[in-house]
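Shown next, in structure tokens, is the structure this report addresses.
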Amino acid sequence: MTVVTVGVHIADILARPVEHIPEGQDTVLVDQIRLTAAGAAAGTAVDLVKLGNDVVTMGAIGDDELGDFLLMVLAKRGVDVSCLARRAGEQTAASILPIRPDGGRPSFHVPGANLSVTYADLDAGVLRGARAIHLGGMDVTFGLGDPAFFALLDEVRAAGTIIAMDLLSEMPDLLGMARAFLPHVDYVLPNESQALLMTGAADIATAAAALLSDGPRGVLVTLGEEGSLVVTESGSERVPALKTDVADTTGCGDAYCAGFLTGLLHGQDVLTAARWGTAAAARVATGLGSDAGITDLESTLRMLT
């Protein structure tokens, strides 16, 4: 089942556990350091492949060594990178994440080439052939807020392609601009903070209802250890999180999106697909980085039994 992920590509450098940043030039020994392909397009793409999907990813990276790394690791994981643009002289987006013992993840981030992505970087033919499209980080790839891209999304959506959208930032102005995509997608999957900032609502239920009124078929608000809230025209329902030993919360939202889309592509209803997303997120939380924990669909779904 071909899925195209469009948007943010980041190289993550993670270390755990980190209880404090050392003074001066002191050194702190940690248990693990990893480099991973991350971001709302790249991280989701890797998880989608692990869950059994054929995946093409689109966006922009720099022509630097981090860009070389992203191409290598994405291809190694089975993601088709042939549509990923490279920007001469630009930096590949990257984050440094010192992971706390409780799994929390403060970050140092450079947005890099993600800010320059435009509709011209995308392959419309490949998008027209997709069974599903995942828009990852439309709040920071604001160059994709293009009427021509909206028209293409409307075209493929009318032909039966499933379109989902995830977000990256917690900046009200950028999140507000991302609302322009909502009439052109089927499902939007913000976290709790993003939903509130995006709408200015005082509570999650009101925020989800406001987002639903903009045009998508469903709004799925991820709530961390509280699970997620699934809202459609039929009503709203909470999907509880699964209990697991949390090592790192990096990439849990990306995994939720990957599991959710995989469920829909397997013919599951929205609530069941949300449970698939919950299982994928729980798997990722057990390891370090956005590609940790998930190995295949079968073992992921065993989390639900």
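Each of Thr57, Thr92 has some number of other Cβ atoms within 10 Å of its Cβ, and from fewest to most they run Thr92, Thr57.
Between Ala148 and Leu35, full extension at 0.36 nm per residue minus the direct alpha carbon distance yields a gain of 37.1 nm.
Mean silhouette area of the chain, derived from the convex hull of its C-alpha atoms and averaged over all directions, reads 15.2 nm².
Amide hydrogen proximity for Val55: with H placed 1.01 Å from N in the peptide plane, the residues at 5 or more positions away or on another chain lying under 5 Å are Val3, Asp80. Loop only by DSSP, 10 or fewer other Cβ within 10 Å of the Cβ. Give me the GluC sites (Glu not before Pro) in the range 216-305 that pass, ordered by residue number. Those satisfying the criteria are Glu233.
Amide H contacts of Gly227: Ala241, each under 5 Å away and 5 or more positions distant or on a separate chain (H built 1.01 Å from N in the peptide plane; Pro and chain starts excluded). Look at where the Cα atoms of the range 89-123 and of the range 145-175 average out, and the two centres are 20 Å apart.
With only Cα atoms counted, the range 122-234 has Rg and Dmax values of 13.6, 42 Å. Sparse packing (at most 16 other Cβ atoms within 10 Å of the Cβ) combined with a DSSP loop state is found for the following GluC sites (Glu not before Pro) in the range 126-203: Glu170. If the chain linking Arg157 and His109 were pulled fully straight, counting 0.36 nm for each residue of separation and taking away their Cα-Cα distance, it would gain 13.9 nm. The equivalent ellipsoid of the range 147-195 has semi-axes of 22, 12, 6 Å, largest first, where each one is the square root of 5 times an eigenvalue of the Cα gyration tensor. With a simple spin-label model that places each label point 7 Å from the Cα along the Cα-to-Cβ direction, the separation between Thr305 and Ala201 comes to 3.6 nm.
Highest mobility in the GNM of the chain, judged by mean-square fluctuation with C-alpha springs under 10 Å and restricted to Gln32, Gln268, Gln194, is found for Gln32.
Rounded to the nearest 20 debye, the dipole size of the chain about its Cα centre is 620 debye, using +1 on the Cβ of Lys and Arg and -1 on the Cβ of Asp and Glu.
Bear in mind these aren't lab numbers, they're just calculated from the coordinates by the rules spelled out. Please read these numbers as outputs of a predicted model, since none were measured by experiment. Counting neighbours? That spans all protein chains shown, and the Cβs are built from the backbone with ideal geometry, glycine included.
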